[in-house]
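The values are calculated or read from the model by the stated rules, or taken from the named source; none is laboratory data. Owing to the predicted nature of the structure, the values given are computational and were not obtained by experimental measurement. FYI the Cβ positions are ideal-geometry reconstructions off the backbone, even for glycines, and counts take in every protein chain you see.
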Amino acid sequence: MRSLPLLLAGLMLAACADNKVTNLVQRPDAFDGVRFRSSLTVDKEDRQRFVVQVPKASRSLDGAREAGRHRGVEYCIGLYGNSKITWVNAGPDADAADLRFEQDSLVFEGRCKGWQ
């Protein structure tokens with residue numbers, strides 16, 4: 001009977017540990033296991049055009065690419081109801097040598113394709 005509280009405490013700790021891993025994987029701002037705080041700036045003259053910045057991209061280039069793509073897709077879905085983007089210059093699928101960096105921030109420019 002004395003071991004029941006210990007068993008319950010152990011199960012609760014195991015559940016909490018598992019939850020942390022699951023939450024990290026399911027968080028929309030975690031890519032390649034790294035959290036990114038990307039930002040999106042909209043062109044005031046043409047709302048289809050936007051710039052995404054992903055700070056601290058050196059922590060995971062693959063993760064930063066996906067965080068930038070996610071932010072752009074999220075914006076275009078909210079604006080036009082679809083995820084179609086034309087990336088200006090180098091997009092998330094470009095070769096690493098072609099990507100645009102400003103210090104340690106990965107920068108993408110894109111344009112939502114709209115209702116075409």
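Checking the range 17-30 against the condition returns a match, with at least one residue being surrounded by 15 or more Cβ atoms within 10 Å (Cβ to Cβ) and either touching a Phe, Trp or Tyr at 6+ places or on another chain (Cβ under 8 Å) or at pLDDT 55 or above (or both). Note on the range 71-89: among residues that are among the polar types (S, T, N, Q) and either surrounded by 14 or more Cβ atoms within 10 Å (Cβ to Cβ) or assigned to a helix (DSSP H, G or I) (or both), the one that is nearest to the chain's Cα centre (by Cα) is 83.
Here's the yes/no breakdown for (1) modelled with pLDDT of 90 or more; (2) of a type in the set (D, E, K, R); (3) over 24 Å from residue 93 (Cα atoms):
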residue: 11; (1), (2), (3): no, no, yes
residue: 32; (1), (2), (3): no, yes, no
residue: 59; (1), (2), (3): yes, yes, no
residue: 66; (1), (2), (3): yes, yes, no
residue: 72; (1), (2), (3): yes, no, no
residue: 75; (1), (2), (3): yes, no, no
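Within the range 41-55, the set of residues being in a strand (DSSP E or B) and surrounded by 13 or more Cβ atoms within 10 Å (Cβ to Cβ) comprises 42, 49, 50, 51, 52, 53, 54. Considering the range 90-116, the residues that are of a type in the set (Gly, Ala, Ser) and farther than 11 Å from residue 52 by Cβ include one that is surrounded by the most Cβ atoms within 10 Å (Cβ to Cβ), namely 90.
If you check residue 100 against the conditions, is it within 15 Å of residue 31 (Cα to Cα), without any contact (Cβ under 8 Å) to a residue 60 or more places away in the chain and basic (Lys, Arg)?
no
In a loop (DSSP other than H, G, I, E, B), modelled with pLDDT of 95 or more and either in contact with a Lys or Arg (Cβ under 6 Å, 6 or more places away or on another chain) or under 22 Å from residue 112 (Cα atoms) (or both): does that describe residue 92? So residue 92 passes the test. For the range 56-70, the condition of being hydroxyl-bearing (Ser, Thr, Tyr), surrounded by 14 or more Cβ atoms within 10 Å (Cβ to Cβ) and part of a loop (DSSP other than H, G, I, E, B) holds for at least one residue.
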